[in-house]
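Below is one structure, written out as structure tokens; the observations come after it.
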Amino acid sequence: MRILLVEDDLSLGEGIRTALRRAAYAVDWVHDGVSALMALQEQTMDLVILDLGLPRMDGIEVIRTARARAVDTPILVLSARERAADRALGLDVGADDYLGKPFDTTELLARTRALLRRSAGRAQPALQAGALRLDPAGMSVRWHGRDLDLTRREFALLWLLMEQRGRPIGRERIQQHLYGWDEDVASNAVDVHVHQLRRKLSAAVIRTVRGIGYALDEQAAQAAAAPPQAPQ
């Protein structure tokens, strides 16, 4: 899941970015309203976390312009403006939720999860490949009828592979999908995530495409045996 953070307070922004990355979200951080609109044009985002008091363009105008451009990405507003009229204005121009400053990181993460669940359910129906089923709305994966416990990045990787329906995806594209612009990423990070997914599914379900990257093997997903039952 990719989040655009728009916050000009460097200390607060660093704290939010750190908390989101610890929760395994890919975070792209910009510091003004104009840069926020440019980022939304250049990259598909799953959520925008937006301060209102921004340089170059106020947050309200960012929301208004984004919605006028048919950007339907959910927007969570962060603001010290506590008046009911300010909250109402933000929601009226197109924000999806509003969190007053100061706030607790636990609440920020809870609202983030809620907005991402709603957004995923609207944007994408469940995906099926043989015995493998991914439900964006419920943020869940079932393999041979059993729920799989995936990390956030494993879920995002599997979703990307299933959307491509067997078409190969390059390692660089996968890395950009899973991590923020300026995030330090180990050279083998993508391979590690693929390895972990293969352990939880079946090695044959995700095939290596030499010189390119990885692809979902739908035939293998149909034919792969069910995992062994856990001992009672």
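No lab work stands behind these numbers, since they all come straight from the coordinates. Model, not experiment: these values are computed from the prediction. Please note: Cβ atoms are built from the backbone with ideal geometry, for glycine as well, and neighbour counts cover all protein chains shown.
Figures for the structure shown
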quantity	calculated
Neighbour-count order for Met1, Met57, fewest beta carbons within 10 angstrom listed first	Met57, Met1
In order through segment 145-161: 3J(HN,Hα) via Karplus (6.51 cos²θ - 1.76 cosθ + 1.60), integer Hz, x for Gly, Pro	x, 10, 5, 9, 9, 10, 6, 4, 6, 4, 4, 4, 5, 5, 4, 4, 5
Extension gain (nm, one decimal) between Glu218 and Ala203, 0.36 nm per residue minus Cα-Cα	4.1 nm
Dipole magnitude of segment 1-82 about its Cα centre (Cβ charges: Lys, Arg +1; Asp, Glu -1), debye to nearest 20	220
Contact order normalised by residue count of segment 127-223, Cα under 8 Å, 6+ apart, percent	32
Viscosity 1.002 mPa s, temperature 20 °C, Stokes-Einstein D of segment 2-122 from Kirkwood C-alpha radius, µm²/s	152
Relative contact order for the chain, counting Cα pairs under 8 Å that sit 6 or more residues apart, in percent	16
Listed residue (Val205, Gln176, Leu127) projecting farthest to the positive dipole end of segment 127-223, Cβ model	Val205
Using alpha-carbon coordinates, inclination of helix 33-42 to the longest axis of the chain, degrees	30
Table column - 3J(HN,Hα) (Hz), segment 208-217, Karplus curve with 6.51, -1.76, 1.60, x for Gly and Pro	7, 9, 4, x, 10, x, 9, 8, 7, 9
Spin-label model distance (nm) - Arg56 vs Asn188, 7 Å beyond Cα toward Cβ	3.9
Simple label model, 7 Å out from Cα along Cβ direction - Ala70 to Leu10, nm	4.0
MRE, 222 nm, helices only [DSSP H, n ≥ 4, -39500 (n - 2.57), over the chain, to nearest 500]	-13000 deg cm²/dmol
For the chain, average projected area of the Cα convex hull in nm²	14.1
Among beta bridges that DSSP assigns inside segment 46-172, antiparallel share in %, nearest 5	55
Nearest-20 debye value, the chain charge dipole, Cβ charges on Lys, Arg, Asp, Glu	1020
Segment 133-158-segment 36-67 distance, computed between alpha-carbon centres (Å)	30
Least to most buried among Met139, Met45 (fewest other Cβ within 10 Å first)	Met139, Met45
Pairwise FRET efficiency - Val34 versus Arg152, Cβ, R0 = 25 Å, nearest 0.05	0.25
Sum of side-chain charges, Ala23 neighbourhood, beta-carbon under 9 Å (Lys, Arg +1; Asp, Glu -1)	+4
Label-zone membership for segment 1-30, site Gln41, 7 angstrom Cα→C-beta point, backbone N under 17 Å	30
Extension gain from Asp92 to Ala126, taking 0.36 nm per residue of separation minus the Cα-Cα distance	9.2 nm
